[in-house]
Amino acid sequence: MLDFSIEPDFQAKLDWATTFVREEVEPLDLLFPHGGDPYDTHNEKARAILRPLQDKVRAQGLWACHLGPELGGAGYGQVRLAYLNEILGRSYWAPTVFGTAAPDTGNAEILAMFGTEEQKARYLRPLLDGDIVSTFSMTEPQAGADPKEFVCRARRDGEEWVIDGEKWFSSNARYAAFLIVMAVTDPDAPPHARMSMFIVPAETPGIEIKRNVGTMDERDNLDEGIHAYIRYDQVRVPFDAMLGGPGEGFKVAQARLGGGRVHHAMRTVGKCTRAFDMMCERALSRRTQGTLLAEKQAVQQFIADSWVELQQFRLLVLHTAWLIDTQPHGAARTQIAMCKVQTAKVLHDIIQRALHVHGSLGTTNELPLAKWWMAAPNLALADGPTEVHRTTIAKRLLKNYRPAEGLFPSEHIPPKLEAARKRYAHIVEDDSLAGRADS
């Protein structure tokens, strides 16, 4: 049975989180607005505000809730996380305040599952405590996210691995204490068994950040980019730096990406809700051509369409979370892909309408809408392009169907009509009932 109900004790925590994020976390978005600010552990002013907020979250038992108790989290299931992430989606800083910022969440899970005890002590514990940040270095400039086209290599040399190649869009590398790098270890193996995953300390010789690439809302002249274009030049790591077994890089990557896609969707619900609230407020506040915007049919349609789309998306996310919680591993793969496909579209469409209702003000830096709107293209590409996930959905759905047995479709009316007449011939051909049928 589908059950999205919230227990009173957990509802109290959600109520606390709602007030806390609005009143104490959202101001961080204004004071430290750049994309890298939550990840810059050397910004002492930001950290002086952040640390007490994180302590308050810990006191509420809401720190790193995606992790199990053995790692210092609450071990919440995905449905509970969905409700919490809706709230965190209101603020760019909120995931950092609550210990759930990407890519650190997925990297922590990889270390917990595949790291050695020494690696966990050196990296996992400070990562969970929020003292350091990390990077997931997978995509490549010539290949994007297609692992079949990766060329960054790692070769065995005695008791070391030597990594050579380039990686593209490695988020937060300029702030990271370590990088998790996917590299080809067996180029002759099948596509999904060619690669392995390695943990690489950021201070390792041979790591060159060629440039930190700025996205739409980041200014190159102020060096605000946080997505690194990296050259690995004869980077040497010890033999036990491999996470998982040889050729298991794709498997390790999938272990972290599925949850991340759902969490992006959960937070998008919260961001879209905030944009929707702004749109409704504006509609009731602004007059034009003698009436309120709220009285214009076009604006009413904006509001209605946005709310319908948001509620449909929210239910999809909750259903996906419920499947992850209650069904065997992998059962929610199609639904996770559906969430990924819809995340960027819903975000774009709702914020586009909210921005439009605010007119020129909506396009300025005096409201958050333009910045949010510019995040939509990135969401459509992060954790795999939307088109790839559409293909995944179609392929998995088509497995449930078979081709028509004859020349015509199975819903072709003439043979179905003939079959219906045969099934009920004793009634259809009973002349004594003809009068009743006509009456």
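In table form, for the structure just shown:
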quantity: Net lengthening on full extension, residue 216/residue 298 (0.36 nm per residue, minus Cα-Cα); calculated: 26.6 nm
quantity: Hydrodynamic radius by Kirkwood, which averages 1/r over all alpha carbon pairs of the stretch 188-247, in angstrom; calculated: 14.0
quantity: With Cα atoms, 0 to 90° folded angle of helix 249-285 axis to the chain main axis; calculated: 70
quantity: Computed [θ] at 222 nm, helices only, for the chain once each DSSP H run of length n ≥ 4 contributes -39500 (n - 2.57); calculated: -14500 deg cm²/dmol
quantity: Overall dimensions of the chain as given by Cα atoms, namely Rg and Dmax in Å; calculated: 26.2, 95
quantity: Selected from 124, 136, 424, residue furthest toward positive end of dipole (the chain; charges at beta carbon); calculated: 424
quantity: For residue 125, solvent-accessible area (1.4 Å; no DNA, RNA or ligand), Å²; calculated: 100
quantity: Cα-derived Rg to Rh of the stretch 155-270, Kirkwood definition; calculated: 1.02
quantity: Alpha-carbon radius of gyration plus Dmax, which is the widest Cα pair, for the stretch 250-399 in Å; calculated: 17.5, 61
quantity: With Cα atoms, 0 to 90° folded angle of helix 104-114 axis to the chain main axis; calculated: 80
quantity: Pairs beyond 18 Å (Cα-Cα), from 167/395; 45/210; 167/210; 345/371; 45/271; 340/395; calculated: 167/395; 45/210; 45/271
quantity: Spacing of the two label points (7 Å from each Cα toward its C-beta) at residue 305 and residue 281, in nm; calculated: 2.4
quantity: Loop chymotrypsin sites (Phe, Trp or Tyr not before Pro), the stretch 303-412 (other Cβ atoms within 10 Å of the site Cβ: 11 or fewer; DSSP); calculated: 401
quantity: Per-residue SASA entry for residue 136, accessible area with 1.4 Å probe, Å² rounded to 10; calculated: 30
quantity: The stretch 200-265: chymotrypsin sites (Phe, Trp or Tyr not before Pro) falling in loop per DSSP and having at most 10 other Cβ within 10 Å; calculated: none
quantity: Per-selection Kirkwood Rh - the stretch 8-115 (Cα, Å, 1 d.p.); calculated: 14.3
quantity: Relative contact order %, the chain, counting alpha carbon pairs below 8 Å whose residues are six or more apart; calculated: 13
quantity: Mean separation of Cα contacts under 8 Å (6+ apart) over length of the stretch 51-143, as relative contact order %; calculated: 22
quantity: Loop-exposed GluC sites (Glu not before Pro) per DSSP, neighbour cap 11 Cβ within 10 angstrom, longest uninterrupted part of the chain; calculated: 204-365
quantity: Folded to 0 to 90 degrees: helix 8-20 orientation relative to the chain principal axis, Cα; calculated: 60
quantity: For the stretch 192-243 versus the stretch 316-341, the gap between their alpha-carbon centres in whole angstrom; calculated: 31
quantity: Extended-chain gain in nm, criterion 0.36 nm per residue less alpha-carbon gap, residue 378 and residue 24; calculated: 124.7 nm
quantity: The stretch 52-120, Cα convex hull volume normalised per residue, Å³; calculated: 94
quantity: Net dipole in debye of the chain [+1 Lys, Arg Cβ; -1 Asp, Glu Cβ; about Cα centre; nearest 20]; calculated: 720
quantity: Simple Cβ-charge dipole of the stretch 8-115, Lys/Arg +1 and Asp/Glu -1, about Cα centre, in debye nearest 20; calculated: 120
quantity: Cα-projected label distance for residue 432 with residue 418, points at 7 Å along beta-carbon direction, nm; calculated: 3.0
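The values are calculated or read from the model by the stated rules, or taken from the named source; none is laboratory data. These numbers were taken from a predicted model, which means no experiment stands behind them. For neighbour counting, all protein chains shown are included, and Cβ atoms are generated from backbone atoms with ideal geometry for every residue, glycine included. Heavy atoms of the whole protein, side chains included, go into the accessibility calculation; ligands, DNA and RNA do not. Shrake-Rupley method; radii C 1.70, N 1.55, O 1.52, S 1.80 Å.
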